Amino acid sequence: MLLLRSSQMLQTLEGALRKGIPESLKIYGTIFHMNRGNPFKLEALVDRWPDFRTVIVRPPEQDMTDDLDHYTNTYQVFSKDFQNCQEILKSSDVINWKQHLQIQGLQSDLNEVINNVAEEKSVQVTATHRYLYLISETMKKHAPSQQNLDQLYTKTEKPKTKVNTEIYKMSSLEPQHASLVNDLWSFGGNERSLKFIQRCIQHFPSYCLLGPEGTPVSWNLMDQTGELRMAGTLPEYRRQGLISHIIYQHIQDMDKKDYPMYSHIAKDNLHMQQMIHSLKLICATYYWQQWNCEPLRRSATEDSESQSKREGGSGGRA
C-alpha cells in the first residue's frame with residue numbers, strides 16, 4: 001500500500017472520493033478533515049496511484065500504543081474492488097490484527113470481506129449495523145452525481161417545537177463535559193471512550209443546550225469522519241425536543257463552512273428516528289457499519305506447539 005504524503009495527492013483523493021458519495025461518505029469526510037488541518041494526524045493509504053481501487057485511513061503507528069484501545073485503533077475503508085480489498089487486508093501490514101480495533105465503512109460488501117479476513121487472522125468480529133441518515137445540504141454540495149435528486153434531498157427542516165430561551169442557552173461543549181457524553185453514549189462508558197470523546201470536543205465543532213444551572217443538558221458532537229453523533233439528553237430533560245434544535249443548528253452552521261455531514265441511529269431507537277425524519281434527513285438504502293475486532297486468545301496447547309516449532313526450526317537452521 002502507498003502512503004499519500006503530499007497535500008496535492010490528498011486533495012486529488014478527496015475529489016475522486018466525491019464521485020463515490022454516498023457510499024464513500026465516511027472516508028470522504030475523513031479525508032476532508034485531513035485536508036483541513038488533520039487534527040487526529042491520520043494517514044491515508046491506497047493500493048495504487050492515481051487509479052486506486054482501495055483506500056484505508058488509519059492513525060499513525062505511534063498513536064496506536066494501547067492494544068486494547070479500539071477507539072484510537074480505528075480504520076476507515078472504501079473500495080471499488082472487494083476482492084482487491086480482501087487481498088490487501090489479508091496480505092499487508094496496513095492493519096494490526098493483533099490489537100483490539102474498529103473498522104468503519106458504509107459499503108455492504110465490506111461485511112463479507114472483513115469476516116473472511118477475520119477468520120484467517122483468528123479474530124473475533126462483532127458487527128454493528130445501524131440506519132445511515134444523509135443530510136440534504138451535504139448531498140447537494142458534495143455529491144455532484146446526486147444533484148438530479150432535488151425532490152428527495154429537501155432542505156433540513158427547522159423544528160416545529162420551540163425552546164424557552166430564558167431557560168436554555170445554545171453553546172458548545174468543553175472537554176470537562178466529556179463525562180456527561182460518555183455516561184449516555186451507547187458505545188462508551190469507559191476510560192478509553194472518555195479519551196476519544198475529549199479529543200472530538202477539542203478538535204471538532206460540538207453543540208449543546210445549557211440548562212438552568214448553566215451546565216449541558218443536551219448535546220451533539222462531530223467526529224474525525226465528519227459524522228454527527230453521540231447525541232444525548234439528560235433523562236430529566238427529555239421529551240422537550242431539545243436535541244432537534246441542537247442538531248438543526250449544528251447542520252446549519254456546518255453547512256455554512258461547507259463541512260460534509262451524515263449521521264446514524266440504532267434500529268431500536270424509534271424516538272430519535274422520528275425526530276430525524278421530522279428534520280427531513282434521508283434514510284439511506286444501506287447501513288452505517290462498524291466492526292469491532294478482537295484477537296482470539298490462544299490456548300496453552302497452541303502456544304506450546306508454536307514454541308516447539310520455533311525451537312525446532314531454530315535448531316534445524318543452525
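In straight-distance terms, cross-link reach from residue 155 covers every one of the lysines whose alpha-carbon lies under 26 Å from its own, apart from those fewer than eight places away in the same chain; here that gives 19, 26, 140, 141, 169, 256, 257, 267, 280. Placing pseudo-labels 7 Å out from each Cα toward the beta carbon at residue 84 and residue 203 gives an inter-label distance of 2.8 nm. Less than 5 angstrom separates the built amide H of residue 264 from those of 133, all sequence-distant by 5 or more or on a different chain.
Between residue 3 and residue 157, what is the FRET efficiency for a Förster distance of 30 Å, r being their Cβ-Cβ separation, to the nearest 0.05? In this case the efficiency is close to 0.10.
By its C-alpha gyration tensor, with a ≥ b ≥ c as the square roots of the eigenvalues, how is the stretch 156-279 shaped: rounded for a/c under 1.5, else prolate for a/b larger than b/c, else oblate?
Rounded, because the longest to shortest axis ratio a/c is under 1.5.
Is the C-alpha gyration tensor of the chain telling us rounded, prolate or oblate? Criteria: a/c under 1.5 is rounded; beyond that, a/b larger than b/c is prolate, otherwise oblate. Taking the square roots of the gyration eigenvalues as a ≥ b ≥ c, the chain is prolate. Take the alpha carbon gyration tensor of the stretch 107-226, find the square roots of its eigenvalues, order them as a ≥ b ≥ c, and report rounded if a/c is under 1.5; if not, report prolate when a/b exceeds b/c, else oblate. In terms of gyration-tensor shape, oblate. Largest first, the residues 91, 145, 24 sort by 1.4 Å accessible area into 91, 145, 24.
Backbone geometry of the stretch 157-166 corresponds, through the Karplus equation with coefficients 6.51, -1.76 and 1.60 at θ = phi - 60°, to 3J(HN,Hα) couplings of 8, 5, x, 7, 6, 10, 9, 6, 6, 7 Hz, x marking Gly and Pro. Computed over the chain with a Gaussian network model linking Cα atoms closer than 10 Å, the most mobile of 137, 157, 14 is 157. Between the helical axis of 242-256 and the longest alpha-carbon principal axis of the chain there is an angle of about 80 degrees. Phi-derived couplings, Karplus 6.51 cos²θ - 1.76 cosθ + 1.60 at θ = phi - 60°, listed residue by residue for the stretch 283-296: 7, 6, 7, 9, 9, 6, 9, 9, 10, 8, 10, 9, x, 6 Hz, with x used for Gly and Pro. Couplings 3J(HN,Hα) for the stretch 214-231, derived from phi with the Karplus relation 6.51 cos²θ - 1.76 cosθ + 1.60 (θ = phi - 60°), are x, 10, x, 10, 7, 7, 8, 10, 10, 10, 6, 9, x, 7, 7, 7, 6, 4 Hz, where x marks Gly and Pro.
Taken along the Cα-to-beta-carbon direction at a fixed 7 Å, the label points for residue 109 and residue 296 span 2.7 nm.
Gain on full extension, evaluated as 0.36 nm per residue between residue 270 and residue 238 minus their Cα-Cα distance, stands at 10.1 nm. Distances between placed amide hydrogens fall under 5 Å for residue 172 paired with 208, all partners being 5 or more residues away or on another chain.
The values are calculated or read from the model by the stated rules, or taken from the named source; none is laboratory data. For clarity, every value in this text was computed on a predicted model and none was experimentally measured. Every residue, glycine as well, gets a Cβ built from its backbone with ideal geometry; the counts of neighbours run over all protein chains shown. Remember, those area values only see protein heavy atoms, side chains included, never the ligands or the DNA or RNA. Shrake-Rupley method; radii C 1.70, N 1.55, O 1.52, S 1.80 Å.
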